[in-house]
Amino acid sequence: MTFAPKTIIEPFKVRSVEPLPMTERDDRLRHLETARFNLFGLRAEHVTIDLMTDSGTGAMSQEQWAAMLAGDESYAGSRSFFELEAVVRDLTGKKHVIPTHQGRAAERILFGVVGQRGHVVPANNHFDTTRANVEASGCEALDLVIAEGKDPTSDHPFKGDVDLDRLDTLLRERGASVPLVLVTVTNNTGGGQPVSLANLRAVRALTQRHGVPLFLDCARFAENAWLIKEREEGQSSRSAEEIAQEMFRLADGAMMSAKKDGLVNIGGFLALDDDELARRCRNALILTEGFPTYGGLAGRDLAALAVGLREVLDERYLAYRVASVRYLHERLAAAGVPLLNPPGGHAVYLDARAFLPHIAPEDLPGQALSVALYLEAGIRAVEIGTVMFGHTDASGRQVPSPMDLVRLALPRRVYTQSHVDYVIEAVRYVHEERRSLRGLRIVDEPPTLRHFDCGFEPLEAAT
Ligand SMILES: *Cc1c(COP(=O)(O)O)cnc(C)c1O
């Protein structure tokens with residue numbers, strides 16, 4: 001007899017606990033008003049289950065905490081830097097490892113160096129800060145994800161894939177003004193959907209033919225590698241680590257927000273081979289982040305990241321991680337909640353337009369749904385739709401983005417299955433009561449990355 005369990009259990013036990021904040025509905029309404037109905041304006045102590053992001057919100061392991069204690073805080077040439085460098089070199093195969101305090105610092109440095117007015121940076125989808133940094137450098141940020149990647153109902157296993165025909169045409173027509181091609185793994189903005197190895201190999205061949213460098217925006221490289229192992233033909237017998245190593249070796253460089261698959265609360269890096277580009281990036285780094293062996297991080301942060309980058313490729317961890325997301329997705333789908341299919345690696349995305357068909361895209365259904373989840377259940381999600389990617393036109397009307405999604409991102413190793421069950425119950429409740437929800441309008445907004453700070457006002461009920 002052999003016990004073959006079907007239950008995928010959390011591959012860790014808990015030794016240090018943090019109380020879960022509990023609030024009443026009346027208080028939550030007050031908190032929403034104080035925050036101008038922008039969930040970024042809430043205090044975390046007023047949030048029961050915080051699914052706003054999986055970025056920097058994970059729990060570190062005892063090995064990571066131990067490494068932090070042993071971190072070397074030397075200004076230059078810290079041992080912790082060399083530990084990190086060795087791990088990143090082994091993973092990516094790249095010669096130059098440049099730490100940064102988080103992903104957007106790596107973006108700003110890279111595009112500050114390679115970006116030029118009138119040039120264009122294609123990607124499957126640019127993440128919001130990536131787009132902002134590409135545009136701040138004067139470049140156009142062009143999204144070239146496959147058509148299935150824009151269809152929330154498509155069950156295509158690799159909806160993060162790049163549209164090869166469109167990339168080929170772009171490189172043919174404007175290759176000289178493409179400083180690099182970017183592939184986001186997993187494709188965060190497109191729903192955390194993975195990119196297949198076959199697609200990466202084909203993008204590699206195209207960029208090589210046109211002499212354009214290929215970079216990965218690799219915040220969730222391990223989840224992408226695991227989904228390749230699960231979904232791509234011929235990959236199931238390879239380890240997640242081998243697959244990840246191949247992904248990086250297909251690219252000329254990578255930029256990482258280590259707050260995701262680095263399993264740390266802060267950190268990032270650039271990894272690349274080109275000596276001259278690395279020299280220019282290091283110069284930019286010194287100007288705003290710090291000396292090249294710490295890049296705006298403490299030695300202990302570098303040490304924790306070196307451990308996290310190895311731990312994240314533990315297949316028991318990845319199996320549990322992806323299974324938790326799938327569990328949440330399957331239970332909501334079974335209740336008839338409209339979702340972005342299939343589940344990706346780090347989050348479940350509610351399709352707010354289909355969830356709230358009576359709220360026009362201009363009236364921000366994604367925002368309405370996120371506000372309702374907080375008001376009813378103390379759950380904080382994030383709108384990924386018109387607030388984040390649309391804009392206000394000259395006449396003051398909202399120009400909607402292609403989709404209105406609400407993301408429930410699962411922090412790494414933080415919540416248990418009963419927390420997830422609570423979320424399922426709450427989303428089902430709001431779904432049953434959906435007809436009572438109303439849209440919102442934006443009453444003030446900053447010029448860039450408006451979703452972080454704009455203010456909203458609920459619309460009056462239709463009469
Ligand atoms: C989070 C993220 C970034 C930005 O990184 P920060 O660490 O938040 O600055 C860039 N790209 C992708 C794909 C991300 O998920």
Exercise. Check every one of the helices (runs of 4 or more DSSP H) wholly within the range 131-249 and list those with 2 or more residues that are more than 18 Å from the chain's Cα centre (by Cα), more than 16 Å from the ligand (Cβ to nearest atom) and assigned by TED's automatic domain parsing to the domain that holds VAL382.
Key: none
Exercise. Kindly indicate which of ALA334, ALA360, ALA377 is in contact (Cβ under 8 Å) with a residue 60 or more places away in the chain, more than 25 Å from VAL47 (Cα to Cα) and surrounded by fewer than 24 Cβ atoms within 10 Å (Cβ to Cβ).
Key: ALA360
Quiz item: Which of the following residues is among the β-branched types (Val, Ile, Thr), open to solvent by 40 Å² or more (accessible area, probe 1.4 Å) and in contact with a strand residue (DSSP E or B) (Cβ under 7 Å, 6 or more places away or on another chain): VAL399, VAL382, VAL406?
Solution: VAL399
Exercise. Being open to solvent by 30 Å² or more (accessible area, probe 1.4 Å) and more than 16 Å from the chain's Cα centre (by Cα) is the filter; apply it to the range 117-130 and report the residue that is nearest to PRO194 (Cα to Cα).
Key: HIS119
Practice problem: Please work out which residue is most open to solvent (accessible area, probe 1.4 Å), limiting yourself to the range 3-38 and to residues that are outside any loop (DSSP other than H, G, I, E, B) and touching a Leu at 6+ places or on another chain (Cβ under 8 Å). | Solution: ARG25
Self-check item: Positions within the range 93-112 being open to solvent by less than 20 Å² (accessible area, probe 1.4 Å) and either on the phi > 0 side of the Ramachandran plot or more than 16 Å from the ligand (Cβ to nearest atom) (or both), in sequence order
Solution: LYS94, VAL97
Self-check item: Those residues of the range 329-350 which are in contact with a Pro (Cβ under 6 Å, 6 or more places away or on another chain) and at pLDDT 95 or above, in sequence order
Solution: HIS329
Quiz item: Within the range 258-273, is there a residue that is within 16 Å of the ligand (Cβ to nearest atom), open to solvent by less than 10 Å² (accessible area, probe 1.4 Å) and part of a helix (DSSP H, G or I)?
Solution: no
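The values are calculated or read from the model by the stated rules, or taken from the named source; none is laboratory data. All figures in this text were calculated on a predicted structure; none of them were measured in a lab. Reconstructed Cβ throughout: ideal geometry from the backbone, glycine too, with neighbour counts over all protein chains shown. Surface accessibility is based on the protein's heavy atoms, side chains included, excluding ligands, DNA and RNA. Shrake-Rupley method; radii C 1.70, N 1.55, O 1.52, S 1.80 Å.
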